[in-house]
Each structure stands twice: as structure tokens, then as C-alpha cells.
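Down below is the structure, laid out as C-alpha cells.
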Amino acid sequence: MKHLCGNLTFWDSNFTKHTNLPDLPACFQLSVLPWTPCIFLWLTSPFYILYLKMSNRGYIMMSILNRIKTVLGLILWIVCWTDLFYTFHEMNQNQLKPPVYFITPLVLGMSMLLATFLIQFERLKGVQSSGVLFIFWTLSVLCAIVPFRSKIMNASQAENDKLRFTTFYIYFSLTLLQLILSCFNEKPPHFSTVVTDPNVCPETTAGFISKMTFWWFTSMAIKGYKSPLENKDLWSLNKDDSSGLVVPNLLNEWEMEKSKAQSEQSVKNQAAFRKTGPGAEPNHVSVSPEEEVLLSKQKEARQPSFLRALLRAFGPYFLIGSAFKLLQDLITFVNPQLLRMLINFTKQSQAPSWWGFSLAFLMFGASLLQTLILHQHFQYCFVTGMRLRTGIIGAIYRKSLVITNEAKRSSTVGEVVNLMSVDAQSFMDLTTFLNMLWSAPLQIMLALFFLWQNLGPSVLAGVAVMVLMIPFNAFIAMKTRTYQVEQMKYKDQRIKLMNEILNGIKVLKLYAWETSFKEKILQIRQKELNVLRKTAYLSALSTMAWISAPFLVALTTFAVFVSVDKNNILDAEKAFVSLSLFNILRFPLNMLPQVISSIVQASVSLKRIQDFLSHDELDPESVDRRNTSEYAVSVVNGKFSWAKQDQATLDNINVMVPQGSLLAVVGHVGCGKTSLVCALLGEMERMEGQISIRGSVAYVPQQAWIQNATLRDNILFGRPYVEQKYRCVLEACALTPDLEVLPGGDQTEIGEKGINLSGGQRQRVSLARALYSESDVYLLDDPLSAVDAHVAKHIFDNVIGPEGALKGKTRILVTHGISFLPQVDNILVMVDGRVSEMGSYQQLLKENGAFAEFLRNYSLEDIIEDEDITDLLVEEEEEEFPEDALSNHADMVDNEPVVNEARRHFMRQMSIMSIDPENPKKMSRRRRCSERKHPESPTEKKDPKVDKLIQAETTETGRVKLKVYWEYAKAVGPLLSLFICFLYGCQSATSIGANFWLSEWTNDALNNSMKTTSTRVGVSTRVGVYAALGLSQSVLVMFSSFTLALGKIQAARKLHETLLDNKFHTPQSFFDTTPIGRIINRFSKDIYVIDELLPSTVLMFLGTFFASLSTMIVIIFSTPIFALVTVPLALIYFFVQRFYVATSRQLKRLESVSRSPIYSHFSETITGTSVIRAYGRNSAFVLSSDMKVDENQKSYYPGIVSNRWLGVRIEFIGNCIVLFAAVFAVIRKESLSAGLVGLSVSYALQVTMSLNWMVRMTSDLESNIVAVERVKEYSETPTEAPWIVKDRQPPPDWPPKGNVEFVDYSVRYREGLDLVLRNISLEVRGGEKIGIVGRTGAGKSSMTLCLFRLLEAADGHIVIDEVKISEIGLHDLRSKLTIIPQEPVLFSGTLRMNLDPFEKYSDEEVWKVLELSHLKKFVSNQSSKLDLECSEGGENLSVGQRQLVCLARALLRKTRILVLDEATAAVDLETDDLIQSTIRTQFEDCTVFTIAHRLNTIMDYTRVLVLDKGKIAEFDTPTNLLAQKGIFYGMAKDAGLV
């Protein structure tokens, strides 16, 4: 120092500390102070310049601000170097100056040049506000304040150095100016999105200070406080967080990782092959069995690691957050040191007070810095987490579009959705405290180091307690983990079952099976709650450990400290500094086990995700699309299976389809027709053979796949809208009349799975989609099965047939309809997965093989007659059809009659038209045809307001009502709730007591320095009381946690039970208008919140509330003047909290509403992958999914930031509390004991945490209590009639005869809709067979629903055997009727359960009905017989087999009245005959109602009921009706029966 400073003093403590006017020595002012900012700038700038080079955001135009900054920088450089040259000048004058006079101006000048360079470089790289420079200028100004003050104090001596005096003041004012200027922002860079985006996130343009304090978020907080936020208020997502950048980035890394793993693999395999010896051939053939084993082992050697891909994609950004964390950890330990100085200061009576104040402000500064840095770290971590989630969801979605069917089978839709929601979430949660992995050990080491300095070896006692706590906590964490897995298992089971129940709720109602399924759910729920109870008890123990650990540590340490050595005296300084260090220790020690368990959880998730992403993909090359032969479709020696290891489903397939021909594929149920179509699409594993298809493909699956979008979007399927073509397509698919009836025309929104379309309409929409796509090859999988006979004929003639819209295209049609076969070019007959014969209709008849046999069973005469009639019909048809089409009020009415003006208007027209007396029919037809020729443009036709079928999910806005809290308290139990609060109060009281006792104890040290003997006694008492108070606290904690656990289980059980009960009692109309996802959401997400999140939130809230309260009490007790400050602080706190809660709650709501579309779109995609792939729409769907994820992140991101915004503000209040507690302690130094100062300041240092968590918990509580509100809302939906009416129960053998009578009966679907059936009166005697026919939408299905009271009468009543059905309980009624529904619904479980869920019948009876329903052969071939597992929705049985299972159900119930609802649609004619004959023989003496599509099935029925527009048009025996030549005759003629 001597060399540097010459004769100037560098440091002198008399000059600085022990004086009332402190100042720093001259040399210190000249060296250390100016060098500090320069060192900072030179250290950071290399990294900063590198970072700027990497990230380029476009450049910024020179602005006035920029020019001023640059000019000031240059002036500063000149000013500094003026000093330098002046020193040289003095040298010339022989006035020798110490070296410091040369070095400092030189360094300063260089730094100013660097700063000026940075100002310009940042401008070119598009940085609007610079953090590095801001910190540099701040440091410069801070370091210049001391010289500034001392120069003023010593102004009188400055006479001899006027120049330096002047330059310093210029320097000071310029740096101050630069600091002020650096608070302002530059304009956004050129060509940035900021300029174009209307709703850009202000973060992009925010300044450095604004970013550090999250000030830019304030605008949203204010907006959210004034009025609830809506979607349009949200900022657009930052470019770097959007799916468009994040997902490809991750996928690239993953692809690299996979190719790396493969290349390593191949190297190993080559090595393995080389070993096989010189004689061996180079291929597999000669590999011996042992080597096979070896090879298979090596196959498993290295799987590509998804973790590496994640690290490479997201690691670098995350590391910035880690750097902040490191800084924050170091700053944390400054405050205990300052506290020690402060306590020391209060002990010394003669210390100058400025020292105390500066300590107080230093504490404040350190806390402030820590706050800012910590929240920056969190911001980086959370954003990383957010990107992780985006990336994982994107990767899974993209994968799910290309995985094989085998892979798809290994994970159900629910499981994959879980990967997206649960597993991606667990990753996201992990990122937030992943840094604790290294930060916790670091903090522990530092804390121990300082403690050792403070208390010496006695610390080890305390540490020992902590270390013992770790296995205890770890054990609890492990157990909790196993319980969680178990609980997840039950939860998955429950949700899966619930999902199926809701999907088949109509069937459950029709069969009156609700109680059986409700029992099943409640059993699973009971297991779930048992696990939950165990978890709750464990968490109570861990809470106790967490709260009492710091106390136990302090107790053992202090006890050991005072008893080891007589001279060890516990004074305030030692006690409270140690306490604050122990408090710092507590956090990392508790986080470690949590982080580790989180990592375990994430690793499980990682494994699941990695397995899914490593599934086999469909081979895009399995179907050769570059086909150039004359055949459009050819399969040579094809052998296909659904999974690699299965036996082949299709074997030895050879098919050639010439360009432009129509090939029909026929065969029995389950013979592999659909599999053939799938093989052509490349959906199956190709074991051998070749497939080639020329050109693009359109595919119509057997069960139509309908998106949740408008009708038009479903048909266009991403192709541009061409009015002319679109109209023709609708016309050909007979959809025009349906549009008349749909409420919004083709803009009607179709519900999930096409819920508001009937089966026939769905199939026709699916067909229209294919027709509109104008592909080269059409694969039609039985599209005609679900539609009425006359519609089928129309579609065949206008679309598929030789004269249809598709003529000249190659068509492959799977069909059961025999009447169309004569018109096709070739017929392919499938038998048991092989092609039995193939040829034209005539050839096959001549060959007299399987096909001829197949036909012979189905009256040949019909068909030949049909041939002759067809030609006649064609001309008539042209004119006939328009009329039919118009009365064809869409199958819509069956499900969802939403009637609008257009239709009423139309009816009126109809009645006017048919007035012409001479020939009403002709007249009206002419009128109508001309109307049809000029279709009104869809815009006119549409009503101004389209009734949306599915109402948007409402989000509650505004504050949660107190009523909801009361609901939850009621569910817990009101007395129990009060008791819990009381326990928490007691626990806080004991904690305060213990600490006050400690502060008294430390004062002994001062008082007892005179007397030596009597102190020993005191010590043991002190330790004893301290221990008693502390232990009673931990007992209370445990006690309160236990009671809370009991309460939460009770509440969870109650709320779930009422919800479940209500949902089983809800009428069918509710399920038609509410998407299943929304109901499932209540059962999964909201119940999960009530089970797990809500109770822990309540626990945390009570804990933090009482902690904050006790801090205030302690500080006010020791320094009463503090009470003055509490009021303004409390006000600020309250405001910040209200702003935050209002905004954050709404953001959470928006986030959860925007989350469900991601998953529903995803599950929709998974069910429709084959269609999406066939049409080649993958990328469009991927894009759509990305949009949905971004939409969700758009509301999630402000949510994260709102937490940071809050954190900074609340911690600022906490820091103010520290400041005031310290300042008041300094002011009242005379009257305060050191113990009390230590107590109040150490309490103040802890308060920040509690305050912060309290607001967070208030808000979490508000957002989680919403779950109670949502569950409540769905537990109170109106219910249907009671299941059993006690005093009106019919006799057990009712109905004895099966007479059914409708008396003046009318019905509508829902309030406010038109009647579907109008004033129907008819009488059916027991044992009659009634066929019900009518055009689509005449009300056929509605009639059956009325019998089961799924629809309640609007007028009139139905009587069955002298009992009015409206008076008895629903179960009494439904269990006495049987229905074979239109769509066969199976539940996952055994076949036996599907036939007989109540286990009423014996195995013999079950086998008997299987025999009657022709399933016996199939079932007895299965290894598990009756316990054959049906998969979700019965996917592992063919549609025909499912229909037969429904028949078996009916046979098993064998009631007096049977209803068949177009049950024969999906079955080939042979099976159809089997069903019909079974029904004729088995239900001979029953009353049967059949809704028929194929008229030949009801030609021998007792009577036929013809419905038209909800009224009875004709009702008589079939022969009489044919003689009448009315509607029935017309229909029979269409079907070729007359």
C-alpha cells in the first residue's frame, strides 16, 4: 500500500469508526472506491458481449437518448483523462504524486470508453435497457458519494487543488445523469414483433429496473383488480416460449439422441456378429441359440435417453437461473452477521448512533438485494418449467399420431392424456426447485461454518439432531411416495370407470344398472380414501418435524453449550445469531428430501414419457404410394397382424383392383373385412407381401369419427370451401334436408363424438368428408349400415354406385347390403381372414361357392325383382326424392331437436303449397323443386343467433363467496373447524413464550456477571422451562394436523358422494348437452383438489397467518413505537394482496378453462388417428394442438409472473419491517436489553417468508375452494324421478301380460323445444309384434325413450298392464323392460359382468343365452371363457359381436316387453337372420317393438306403426297397409319389397 499511496493514509480506525463525524482516508477514496465499479464492468463485459453476439434482436435507430448517453460517456472519458494529464503536468513541475494519481484516472477513463462502446453495441443488438450498465452507473454513484461528502467537508483545504476539485464534481454530476438516463428505455428494435403485435407482452420492452421488480406486470394487476380478466386482456406469448420454437428444438435433440443410440447399437452388433466365427455367413441365419440370447441382451444395452435431450434443449437457459441462486445463497448469510453487530452495538453505551443506523440500512439493503435476485432465479426456473411442459406435450402429441396399433393398445387414451397432464406437470414442478440439489448442501455448509465460529463444538449436538431428522423425514417421504402411487392407481381406476359410465350412461339408465356401477365406484373410492387417510397421518408427522426441528436443534445446542463449560455464558449475541442461522438451515434441510422425492417422481414420469416416445412408429413405407401399374390398389401375398407378436389376422391376401372400379367386400361378422381396409391404410403390421396404392386416399370408417367442430368444418376437413362443390356433396350424401333442421345449418357445432347427430347423420357426414376430399382411392368401411334403406339406396346411387359422384374413382366398399351387389364391378368374399373368392356378381353365382350359398339364404327373387324395378325407379326417383328428403327431418330430432325459425317458416310454406285442389302433389313438387334449384345462400338461412348445443363452460368471476367456505367447513364439521383454529392459536402462543424465555435467559449473562455461584441453578431452570414450552408446541402442532386430517377425509368423502349420487340421478338430457370431459373434470381434477390440495393449503394458511401475527406481537411488545408503522404497512400489504388475488385467481381460472381443450382435442385425435392419417392431415392437427397449448400458456405465464410481482412487493414490506425494527431498536438503545433487540430483529428477519406465503395461500385457498364450488354446482343439478317409489311399487311379476297403451301422449326433449311426439294414442295387446317405421326424424326412437321414461311426458300418459308408468319408480319400470339399443355399448370388465352386473343369474343360464345369441362358439374358444376381458368400449370385439352381446343381455333379462332399436344395422345379413329368428322364438309370447330400417324384418309382424312428424300416420297389419298404398307402401317400394 505504501508504494501505491505514498504518504497518504489508507486506513485509520480512529478516523472512521470511533468518531461522530466519520470519513474515509484519502488513499482509500482514491483507490478502492473508484476501482470497484470498474472491476465489475471489466469482469462482466466479456460474458455480456458474448451473450449479445449470440442473441440478435434487430438494431435500434439512433435516438436522442442514445446520442446524449454516448456524448456523456465521451465527456466522462475526457474528464478522467484530464486528471491524468494534469498529474503528468505536475510531474513536469516537479511535484511528485503517488502512483495512485496515475492509475485511477487511467482505469476510470478506460472504463468510460468501454461503457460508451457498450452503449452503441447494445443499440446495434437491439437491447432496449441494459442491466450491466445500470449496475455500473449505480456503483459509480454510490462510490462517489463518500468523496463528494468529504470534499465538501474539507472544501477549505481544496485551494491548492482546484482542478481536481472541479473535475470530480463534473464527474459526479455526469455519472448521476447517466444513472438517471439508464432508467429510461430505448425504442423497440426495427422489424421486431413488438411493433406489429397488437397485444404484445410489455416485458419485451420493459427496462432493467422494471424487469428486476416486475414493474411491467402492474398494468395487468390493476386491470385485473378493476374488472375480472378475460382472454382478450392476456398478452401474447413471448416468441421463445411458443410451441413453434420450443417443440422442434426439443424434437431435434431427441432425434439426435435416438440416432446416437442406434449408431452405438449397430457398432456393438457388428462386433457381436464378427465373433460368430469364420465359417458363419454374415446374416442371421446361422446364429446359434446362445448368440440369439446374447444379441437380445445387447439390444437392451442403451436406450436413447430423453433426459439428455431435455438437458440439451433447456439446460443453458436454466443455468442462468442457477447463477442467480448462487448469488442469493451468499447474500443470505450477510444478515446474521449484521444482526451480531447490531446486538453488539446495543451493548456498547458509548458507540456513535450513526453506526447503528447504517447497520439498520445495510440490513435493509441486503434483504432487498436478496429479494430481487431470488425472484429472478424463480422466474428463470418457472419459464424453463413452462417450456418443458410445452415441449413434452408437443412431443407426445406428435408421437401419438404415428404410433402403431400395438403401441396404442399398450396405453389407453386415458394413460396418454395422463402423460400430458400429470407427467408433464411433475417435470414442471421439479424445475422450480431442482437447484436445491446443489444449493441446499452449500447453504448447510456455510451455516455450519458460521455457527461453529459462534458457538464452537456445541453446534455438533444441534447438527446431530438435524441429521437424525433426515432419515425420519426420508422415511416419511418414501412411505408417502408409495401411498401416492397406490392412490394414483385407484384414482386412475375410478376415473376410467367413471369415463365409461358417462359414455354409456344411456345404456345404464335403460337397463336400470346404476346401483351396481355406483357400488363399484364407491368401493374404489373407499380404497382411495383409506390410502389418503394414511398419507394424511404421515404428513401430520412431517409437519410436526418441520415445525419443531429448529426448536429442538436450538434447545440441544444451547443446553450443551451452557453445560459443557462453566465459562460458557449464553448471551444475546450468541443466542439470536445462532437462531437466525438455524432458521436459514431449516429451509435447505427440509427441501432436500422433498427435492429428492420430486426427482424420484419425475424419473418415473420420465421413464413413462420415454417409453411412449420410444414406441414403434407405423412404417410410412409399408404402403407403396409410387405405384405405376394399371391396378390402383394391389396386395400381393399379404399377411398382416395387429401386433408384431400376434398371429396373423389376415393371411395370403391377393387383391387387384383396377383403376376406377368398384369392389365390394362381403363376409360374416368378424371375418376380417375391416382389417383388410386397415391393412390398405397401412395401419397393420405387414408380416410379408406388398401393398401398393396409387394416389391419395379417402377413408370412411365403420364408426364415423366426428370432430367437435361445426358441421361444415367436419366435411371440409381443412380443404378450401367451394360453394358449388360443397352443395353437390351435401346433395349426394342426402344431407341437405338435415341442414334444414339443424339449428345453425352447416354452422351448427357438433358435440364431442358427434353426440348431437344420429348414427345415420354421422355416417353421412363422414361420407361427405370423403367425397369432398376428391381423392383417387376410396376405402369405405360399411358406410351404409347406419342409414335407413331408402337413404342407403340414394347414397349408393348418387355417390358410390356406377352412376354416382365417384364413378371413375377406385372404390373399395365393405358392405352387408345384398341389394347393391349386382351393381358392383367385383366382389371379394372374406372368410376367416382369407380371401375365399373374388369375381363379378355373375361369375360368383355361376361358381356356386361360398358366395352363392351366402346369397341363397337371402331370397334371390327379391334381388332379381329389384333389378327390374331399379331402372323404372331411377326416373321416378329423380322426382320422388326431393319430397322424401324434405319430410326427412334429419335424424337430428332423435337426439337433439333444436328447432329454429327457418323450420317453422318452412312448415308454413308446406301447408300453403298443398292447397292446389286438382293435383296437390304435383303442384307442391314443382314449387319445391324450383326452390331447391336456387338454394338460399347459407347466410340468409341462418338465424341471427345460433343456439350452441354445448354451452361454453362458465368460469366464475369475482371473489369466491363466503358461502363456499361455509360449505367446506360444513363438510369438515363446524365444531371441528373451530377447534382446529383454536389449536393453532395455542401453538403460536407457546412458541412466543419459548422465545421470550430465551431472551430473558440471555439477559442473565449481563446481570449475573457479578454473582457467580447462584447462576448454575438458574441455568437448569432456564433450560427446563425452555424445553417444556418448546415441546408442548410440537405436541400441539401434531394434534392440530391430526384433527385437520380427520376433517379433510370427512369432507372429501361427503363431497364426492353427493356428486356421484347426483350424477346417477341426473336426467339424460343433461348428458346430451354437457361434454363428458367437463363432468370427468369434476370427478378427477376437482375431487383431487378437494382430496389433496385444499387441506394442505388450509394448513399452510393457518400456519403462516399465526406466524405473521406472532411476529407483529413480539416486535410491538419490545418496541411499542413500531405500532405506528404497522398501519401504513398493513394498508400497502392489503392493497397488494387484493390486486394480486383478484388477478391471479382469474388467471388461474382462465388457465384451467384453456387447459381442457388441449386434452379433449388430444383424446379426439387419438380416436381418429386412422382418419387423420388417411387424409394426410397430420401437420394441421399438430398445428392446432400447438395453438391450444400456446393459448393455455398465454394465461399460465402471467400467472407465474403475478407470483413474482407479488413476491417482490410483499418481501419489500417485510424488508421495511426489518428496517423499522432495527431503527427503533437503535433509537431506544438506552431502555432496551440486548435480548429484546435480538428477539425483535430476528423475528423481523423471519417475517418476510410468512407474509409472502400468507398472500400466496390466501390466493391458493381462493382458487382451490373453487373446486368445492364446481363440485357443488354439479351436485345440485336437477334430478330425474326417484328410482323406487316405496308405496307405489308394482307387484314382482308385473307386467303379467305386456299390454301397452299410449293415451293422448305428447313429449318434448327439453323445456322450450317443440314436441317430438304429438297426441299419440294407441293400444298394444300383450304378445303383439309391432314394427315402427317412418322417415328419419319422425320420432321413432323418441317413442322407445318414452317407454323407459328417459323422456318425461309433456301431456298424456302410458299405461302398462293397468299401471301408469309415470307413477312408479324408474328402476321398477326400467328393470321390467328390455331394450337392444342402436349402438352396442360394452363396459371394460369381464364378459360376464357385461351380461349380468348384479350377478343374479347362474353360469348355466349365462351359457344358455350365449348359445342362443350365437356367441357360444366364440366365447368357448377364448382361454378365459366367461371371464374374457372386454377392453374399454368393447374394442376387442367386432361391432357385430358387440351387437350379439346386447342380444344376450336381452335374452338373459327376458322381460315381457322388448324394444329393438335398429339393432340390425351393423350386422351382416346372416347374423341378422340369426338375431331375428332368435327373437321370434325366444320372445314369442312377449310384446316386441322394433324400430326397423330393413322393412323385410317386420313384414311378418302383427301390426306396423308408421310415424310421420311425430304423429301416427298409419297403424295396421302389413298386408292392409300395402293395400292402402300410403306411406308404408312407398317405403316398401323403395326397398324393393313390392
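The values are calculated or read from the model by the stated rules, or taken from the named source; none is laboratory data. What you are looking at is a predicted structure, and each value in this text was computed from that prediction instead of being measured. Positions of Cβ are backbone-derived with ideal geometry, glycine not excepted, and every protein chain shown enters the neighbour counts. For the accessible areas, the whole protein counts, side chains as well, though only heavy atoms, and no ligand, DNA or RNA atoms are used. Shrake-Rupley method; radii C 1.70, N 1.55, O 1.52, S 1.80 Å.
Which of the residues spanning region 343-357 are under 55 Å from the mean Cα position of the chain (by Cα), at pLDDT below 90 and either open to solvent by 20 Å² or more (accessible area, probe 1.4 Å) or aliphatic (A, V, I, L, M) (or both)? ILE343 - this is the single residue of region 343-357 that is under 55 Å from the mean Cα position of the chain (by Cα), at pLDDT below 90 and either open to solvent by 20 Å² or more (accessible area, probe 1.4 Å) or aliphatic (A, V, I, L, M) (or both). Within region 834-844, one or more residues are part of a loop (DSSP other than H, G, I, E, B), closer than 10 Å to ALA664 by Cα and not acidic (Asp, Glu). In the set LEU589, LEU541, LEU570, only one residue is part of a helix (DSSP H, G or I), open to solvent by less than 30 Å² (accessible area, probe 1.4 Å) and in contact (Cβ under 8 Å) with a residue 60 or more places away in the chain; that residue is LEU589.
Yes/no matrix, rows are residues, columns are (1) open to solvent by less than 40 Å² (accessible area, probe 1.4 Å); (2) under 41 Å from the mean Cα position of the chain (by Cα); (3) at pLDDT below 90:
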site: LYS239; (1), (2), (3): no, yes, yes
site: PRO248; (1), (2), (3): no, yes, no
site: GLU255; (1), (2), (3): no, yes, no
site: ALA261; (1), (2), (3): yes, yes, yes
site: GLN265; (1), (2), (3): yes, yes, yes
site: GLN270; (1), (2), (3): no, no, yes
site: PRO282; (1), (2), (3): no, no, yes
site: GLU300; (1), (2), (3): no, yes, yes
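Any residue in region 1467-1480 that is without any contact (Cβ under 8 Å) to a residue 40 or more places away in the chain, closer than 19 Å to ILE1332 by Cβ and open to solvent by 50 Å² or more (accessible area, probe 1.4 Å)? Yes: one or more hits. Being among the hydrophobic types (A, V, I, L, M, F, W, C) and surrounded by fewer than 18 Cβ atoms within 10 Å (Cβ to Cβ) is the requirement here; does ILE119 meet it? It is false that ILE119 is among the hydrophobic types (A, V, I, L, M, F, W, C) and surrounded by fewer than 18 Cβ atoms within 10 Å (Cβ to Cβ).
For ALA447, the test of being of a type outside the set (Val, Ile, Thr), open to solvent by less than 10 Å² (accessible area, probe 1.4 Å) and within 23 Å of LEU326 (Cα to Cα) is passed. Filtering region 1069-1126 to residues that are free of Cβ contacts under 8 Å to residues at least 40 places away in the same chain and either within 25 Å of TYR1159 (Cβ to Cβ) or touching a strand residue (DSSP E or B) at 6+ places or on another chain (Cβ under 8 Å) (or both) leaves nothing. Of the helices (runs of 4 or more DSSP H) entirely within region 714-783, those holding at least 3 residues that are open to solvent by less than 20 Å² (accessible area, probe 1.4 Å), in contact with a helix residue (DSSP H, G or I) (Cβ under 7 Å, 6 or more places away or on another chain) and within 30 Å of PHE1070 (Cβ to Cβ) occupy 736-741, 759-772. Just one of the numbered conditions (1) within 30 Å of ASP616 (Cβ to Cβ); (2) open to solvent by 10 Å² or more (accessible area, probe 1.4 Å); (3) at pLDDT 85 or above is not true of ILE393: (2). Of all residues in region 188-201, those that are closer than 18 Å to LYS232 by Cα have Cβ atoms under 6 Å from Cβ atoms of residues that are aliphatic (A, V, I, L, M) and modelled with pLDDT under 70, 6 or more apart or on another chain, in VAL200/VAL194.
Scanning region 684-704 for residues that are within 31 Å of the chain's Cα centre (by Cα) and open to solvent by 20 Å² or more (accessible area, probe 1.4 Å) yields a count of 3. Just so you know, in region 450-505 the residues that are closer than 30 Å to ASP1072 by Cβ and among the acidic types (Asp, Glu) include one that is least open to solvent (accessible area, probe 1.4 Å), and it is GLU500.
Taking region 677-692 as the range and being under 17 Å from VAL777 (Cβ atoms) and touching a Gly at 6+ places or on another chain (Cβ under 9 Å) as the test, the residues that pass are ALA679, GLN690, ILE691.
Remark: pairs (first residue in region 114-135, farther than 15 Å from TRP42 by Cα and in contact (Cβ under 8 Å) with a residue 24 or more places away in the chain; second residue of a type in the set (Ser, Thr, Tyr) and assigned to a helix (DSSP H, G or I); Cβ separation under 7 Å; 6+ apart in sequence or on different chains) = GLN120/THR70; GLN128/THR205. Condition check for GLU203 on (1) modelled with pLDDT of 90 or more; (2) over 27 Å from ILE78 (Cα atoms); (3) surrounded by 15 or more Cβ atoms within 10 Å (Cβ to Cβ): one failure, at (1). Number of residues in region 24-35 that are of a type in the set (Phe, Trp, Tyr) and open to solvent by 50 Å² or more (accessible area, probe 1.4 Å): the value is 1. Evaluate region 1500-1518: report whether one residue or more is assigned to a helix (DSSP H, G or I) and either crowded, with 17+ Cβ neighbours inside 10 Å or in contact with a Phe, Trp or Tyr (Cβ under 6 Å, 6 or more places away or on another chain) (or both). So far as region 1500-1518 goes, yes, one or more of its residues are assigned to a helix (DSSP H, G or I) and either crowded, with 17+ Cβ neighbours inside 10 Å or in contact with a Phe, Trp or Tyr (Cβ under 6 Å, 6 or more places away or on another chain) (or both). Scan region 36-66 for residues that are charged (D, E, K, R) and exposed (fewer than 11 other Cβ atoms within 10 Å of the Cβ) and the total you get is 1. Is region 64-79 home to any residue that is at pLDDT below 85 and either part of a helix (DSSP H, G or I) or more than 56 Å from the chain's Cα centre (by Cα) (or both)? No, region 64-79 has no match at all. Exactly one residue out of THR1097, THR1104, THR1058, THR1111 is part of a helix (DSSP H, G or I) and open to solvent by 30 Å² or more (accessible area, probe 1.4 Å): that is THR1058.
If you go through region 1305-1346 and keep only what is among the charged types (D, E, K, R), over 47 Å from the mean Cα position of the chain (by Cα) and either in a strand (DSSP E or B) or surrounded by fewer than 17 Cβ atoms within 10 Å (Cβ to Cβ) (or both), you end up with GLU1323, ARG1325, LYS1329.
The residue list ALA366, ALA323, ALA309 contains one member that is over 23 Å from PRO588 (Cα atoms) and either open to solvent by less than 20 Å² (accessible area, probe 1.4 Å) or within 34 Å of the chain's Cα centre (by Cα) (or both), which is ALA309. Could you check region 1369-1389 and list, in sequence order, the residues that are farther than 21 Å from LEU502 by Cβ and either under 36 Å from the mean Cα position of the chain (by Cα) or surrounded by 22 or more Cβ atoms within 10 Å (Cβ to Cβ) (or both)? Those that are farther than 21 Å from LEU502 by Cβ and either under 36 Å from the mean Cα position of the chain (by Cα) or surrounded by 22 or more Cβ atoms within 10 Å (Cβ to Cβ) (or both): LEU1373, LYS1376, LEU1377, THR1378, ILE1380.
Being at pLDDT 90 or above, open to solvent by 60 Å² or more (accessible area, probe 1.4 Å) and β-branched (Val, Ile, Thr) narrows it down to one residue among ILE103, ILE135; which is it? Answer to the check: ILE135. Candidates in region 396-415 are the residues that are outside any helix (DSSP H, G or I) and of a type outside the set (S, T, N, Q); of these, the one that is surrounded by the most Cβ atoms within 10 Å (Cβ to Cβ) is ILE403. With respect to the stated conditions, GLN610 is in a helix (DSSP H, G or I), over 24 Å from ASP782 (Cα atoms), touching a Pro at 6+ places or on another chain (Cβ under 9 Å) and not charged (D, E, K, R).
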